[in-house]
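Following: one structure in structure tokens, then a few remarks.
The values are calculated or read from the model by the stated rules, or taken from the named source; none is laboratory data. The structure displayed is predicted, hence computed values, not measured ones. With ideal geometry, Cβ positions are generated from the backbone for all residues, glycine too; neighbour counts draw on all protein chains shown.
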Amino acid sequence: MTGPLKQKLLEQARAEGFAKAGVTTPDAVPTLAGRLADFVTAGWHGDMGWMAERMHWRGNPAALWPEARSVIMLAEPYTPAHDPMAVLRQPDKGAISVYAQNRDYHDIVKKRLKRLGRWLIEAAGPDTEIKVFVDTAPVMEKPLAQAAGLGWQGKHTNLLARDLGNWFFLGAIFTTLELPPDAPGQDHCGSCTACLDACPTQAFPAPHQLDARRCISYLTIEHKGPVAEELRPALGNRIYGCDDCLAACPWNKYASPARESRYLARDDLAAPSLAELAALDDAAFRAKFAGSPIKRIGRARFLRNVAYAIGNSGKPELIAALKPLLDDPDETLADAARWAYARLRPSRPET
């Protein structure tokens, strides 16, 4: 019975807008706990203490919900319609990661998952139970997605697929229903190191290993304090996240286009003016980023990133935008503004 039901489930997933779906079991990645323990022991998780605190669940999906018998993994593309690297050549503009240039994907994907989950309960019977997850619970989506046959974890640790590239979100539905599992995805990276070579901060100690403490996405989003001075120049004008390793992947030539218009870049976020962003007060920040994942980090951390970008711009005309931030009540932001000011201030001529 579950075989035909699974086929209908996959068809329904596509009808909901997911580009790809697969099934695995909660215990399909027996090496997960060891890999995660090595990551945390090395200190590569940085300030993300929740990784260590929830390691029991993250390293063992079966422990998260012991009643679960199957995990349905789903992929939803957010492939950009523009060149995401073009903004890096505009030093007076800010580079925002593609996934954050419009609506928060958590809300969009979760609603789709819930609709699909309700369909599954109706199709399988009221005794079926489900739980849905989108990147906010202790679920290791990428290894589970590889186990479900959606693709494989590339050398940049992100999931990619020959028919999707690597611009896609992942969602998970845990269920008490037993469904036939799919064959796991196979690695097709070969000898390519494009993603590793593209990293501005050399955050990959080795293929398939990421030191988050050097990753620009971590530094601009998760890291709360000042960024180490030796890393600040490498941030360039990246003010929220980084797409360099994703954009470098050759498999993106087969990337599936985004079907959801709310993932396409807002005009004001594809290449926003650093000077205009630096002028945002708290109310203006919250209004501008309502419904955006950027709102989560707050004005002070976001403008800290903006200040670093201004300092890296090489444009003294942006000093005026920094001056109001030099004495900001948030010391981390004020420190970033002072650092940027010192980099842009014209040196005095020798007498």
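What are the pairs with Cβ atoms under 7 angstrom where one residue, in region 219-233, is of a type in the set (Ser, Thr, Tyr) and the other, located anywhere, is part of a loop (DSSP other than H, G, I, E, B) and surrounded by 15 or more Cβ atoms within 10 Å (Cβ to Cβ)? Sequence gap at least six, or different chains.
220/241
Residues checked against (1) in contact with a strand residue (DSSP E or B) (Cβ under 8 Å, 6 or more places away or on another chain); (2) surrounded by 18 or more Cβ atoms within 10 Å (Cβ to Cβ); (3) assigned to a helix (DSSP H, G or I):
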| position | (1), (2), (3) |
| --- | --- |
| 228 | no, no, no |
| 251 | yes, yes, yes |
| 262 | no, no, yes |
| 294 | yes, yes, yes |
| 302 | yes, yes, yes |
| 305 | yes, yes, yes |
| 323 | no, no, yes |
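Going by what's in this entry, would residue 126 be described as part of a loop (DSSP other than H, G, I, E, B), over 14 Å from the mean Cα position of the chain (by Cα) and either modelled with pLDDT under 95 or exposed (fewer than 15 other Cβ atoms within 10 Å of the Cβ) (or both)? So that I can check it myself, show each step before the final result.
Details: part of a loop (DSSP other than H, G, I, E, B): yes; over 14 Å from the mean Cα position of the chain (by Cα): yes; either modelled with pLDDT under 95 or exposed (fewer than 15 other Cβ atoms within 10 Å of the Cβ) (or both): yes.
Yes.
Could you figure out which of (1) touching a helix residue (DSSP H, G or I) at 6+ places or on another chain (Cβ under 8 Å); (2) modelled with pLDDT of 90 or more; (3) in a loop (DSSP other than H, G, I, E, B); (4) among the small types (Gly, Ala, Ser) isn't true of residue 13?
(3)
Can you tell me how many residues within region 304-341 are of a type in the set (D, E, K, R) and under 10 Å from residue 274 (Cβ atoms)? Give the steps one after another, and end with the answer.
Of the residues in region 304-341, the ones of a type in the set (D, E, K, R) are 304, 315, 317, 323, 327-328, 330-331, 335, 338.
Among the residues that remain, those that are also under 10 Å from residue 274 (Cβ atoms) are: 315.
Matching residues across region 304-341 total 1.
What's the number of the condition residue 180 fails, among (1) part of a loop (DSSP other than H, G, I, E, B); (2) closer than 27 Å to residue 253 by Cβ; (3) touching a residue at least 40 places away in the same chain (Cβ under 8 Å); (4) out of contact with any Cys (no Cβ under 9 Å at 6 or more places or on another chain)?
(2)
Which of (1) buried (at least 21 other Cβ atoms within 10 Å of the Cβ); (2) at pLDDT 95 or above; (3) more than 15 Å from the chain's Cα centre (by Cα) does residue 188 not meet, given it meets every other one?
For residue 188, the failing item is (1).
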